[in-house]
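Enquirer: Please find one structure pasted underneath; my questions will follow.
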Amino acid sequence: MVKTVVSVGLPVGEVLTLKKNTLQPIKASGHEKRICIVSGIHGDELEGQYVCYELVRRIQDSLESLKGIVDIYPCMNPLGIESISRGIPTFDIDMNRCFPGYKNGDLVEYVASCIVEDVEGADLCIDLHASDIFIREIPQVRIRHEHIEKLFEYAMELNVDFIWAYESKTVKDATLTHSLNQKGVPTLAIEMGVGMRIAKDFGDQIVDGLLHVMKKLGIWDGQVSPIRKPIISTDGEVEMIHAEAAGIFVPYIEHWKGIKAGDLVGKIIDPLEGTVKQMIAAPVSGMVFSLREYPVVYEGSLIARILGGAS
């Protein structure tokens, strides 16, 4: 059943409307567990659109296997998706820096507060993200150390390739993930792919994982596919490579492949002069889990992340 989460009037007679699809068992007892799947907070991240579609399709094809409630919010930033903007256009605000929101605040704060209020009470929430247009990411979950004990068992069920637990504030306090965790709703963010694109293979992989975690919660008792065992980093063994010159980056490695210290990661070239500005060598051996997708780079641009010691 499609429901409206919040509807707000905009200038020139337009309306901002956020909707969700609530999927319920054929016979409900009133004591069902509930999972929320959220996507589209950033308008340039489209990977979650396919995941939401495929999850709804699979559930509807086997509705008799649904034993709990699944709330799917595919488009939390409809203005951003329509205008291909990461943030909320006109306001120039990153929606994922506005949670938990404020009912008496401005439009964005009000919408954020309505989202949090609607999700509250869920047994688990999964926030789907893609990378930006610059970096391609393998399907991964990033968890702050303070939340590992509560979230790790769920992360292991999500069929991701990599779980990155860290102490730094890569996930900011004003994100939906952090805000819901603070309110007692176990919440994980999945990141995968690249901005403005959809990788169907990644999407299918994550849908398999969502059905697994739903089965763990008692929300789904249908067939599930085998899931992979993720590589886990809890000790900060992530090495970042940054450009030392401006130019065009040409990769010489593949994403999610092993690499040895000293191997050629890629070259930064100057098309005008036909020269190589920088030969980039791997500083450590390990697995490349983030790789530059957008070729134009400047000094300091992120080129790759390597999980040291993994292979």
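The values are calculated or read from the model by the stated rules, or taken from the named source; none is laboratory data. Just so you know, these numbers come straight off a predicted model, no measurement behind them. Glycine gets a Cβ as well: all are built from the backbone with ideal geometry, and neighbour counts include every protein chain shown.
Enquirer: Might you let me know whether the stretch 211-230 holds any residue that is surrounded by fewer than 22 Cβ atoms within 10 Å (Cβ to Cβ), closer than 16 Å to R142 by Cα and of a type outside the set (G, A, S)?
Expert: Yes: one or more hits.
Enquirer: Related question: Kindly indicate the residue of the stretch 124-151 that is assigned to a helix (DSSP H, G or I) and among the hydrophobic types (A, V, I, L, M, F, W, C) and also surrounded by the most Cβ atoms within 10 Å (Cβ to Cβ) among those meeting that condition.
Expert: Among those residues, the one meeting the criterion is L151.
Enquirer: Which one of these does R57 not meet: (1) closer than 26 Å to R197 by Cβ; (2) among the basic types (K, R); (3) touching a residue at least 12 places away in the same chain (Cβ under 8 Å)?
Expert: The failed condition is (3).
Enquirer: Follow-up. Between A165, A245, which is farther than 24 Å from V70 by Cβ and touching a helix residue (DSSP H, G or I) at 6+ places or on another chain (Cβ under 8 Å)? Let's see the steps before the verdict.
Expert: Details: A245 fails: touching a helix residue (DSSP H, G or I) at 6+ places or on another chain (Cβ under 8 Å).
Of A165, A245, the one residue that is farther than 24 Å from V70 by Cβ and touching a helix residue (DSSP H, G or I) at 6+ places or on another chain (Cβ under 8 Å) is A165.
Enquirer: Still on this structure: Quick one: which residue in G203, G193 is assigned by TED's automatic domain parsing to the domain that holds E47, modelled with pLDDT of 95 or more, buried (at least 18 other Cβ atoms within 10 Å of the Cβ) and farther than 29 Å from K33 by Cα? Walk me through how you get there before you give the answer.
Expert: Values: G203 fails: farther than 29 Å from K33 by Cα.
From the options G203, G193, the qualifying one is G193.
Enquirer: Take the residues of the stretch 17-29 that are in a strand (DSSP E or B) and without any contact (Cβ under 8 Å) to a residue 60 or more places away in the chain: which is farthest from K216 (Cα to Cα)?
Expert: In this case the residue turns out to be K19.
Enquirer: Go through the residues of the stretch 30-41 one by one and say whether even a single one is among the charged types (D, E, K, R), surrounded by 12 or more Cβ atoms within 10 Å (Cβ to Cβ), touching a helix residue (DSSP H, G or I) at 6+ places or on another chain (Cβ under 8 Å) and part of a strand (DSSP E or B).
Expert: no
Enquirer: In addition: Filter the stretch 102-123 down to residues that are without any contact (Cβ under 8 Å) to a residue 60 or more places away in the chain and not hydrophobic (A, V, I, L, M, F, W, C) and give me whichever is surrounded by the fewest Cβ atoms within 10 Å (Cβ to Cβ).
Expert: Filtering first and then ranking leaves N104.
Enquirer: Next question. Within the stretch 126-146, track down each residue that is over 19 Å from L210 (Cβ atoms) and either not hydroxyl-bearing (S, T, Y) or not assigned by TED's automatic domain parsing to the domain that holds Q49 (or both).
Expert: Listed by number, the residues that qualify are D132, I133, F134, I135, R136, R144, H145, E146.
Enquirer: Which residue out of G262, G300, G266 is free of Cβ contacts under 8 Å to residues at least 40 places away in the same chain, outside any strand (DSSP E or B) and not assigned by TED's automatic domain parsing to the domain that holds G195?
Expert: On the way: G300 fails: free of Cβ contacts under 8 Å to residues at least 40 places away in the same chain; G266 fails: outside any strand (DSSP E or B).
Going through G262, G300, G266 in turn, the sole match is G262.
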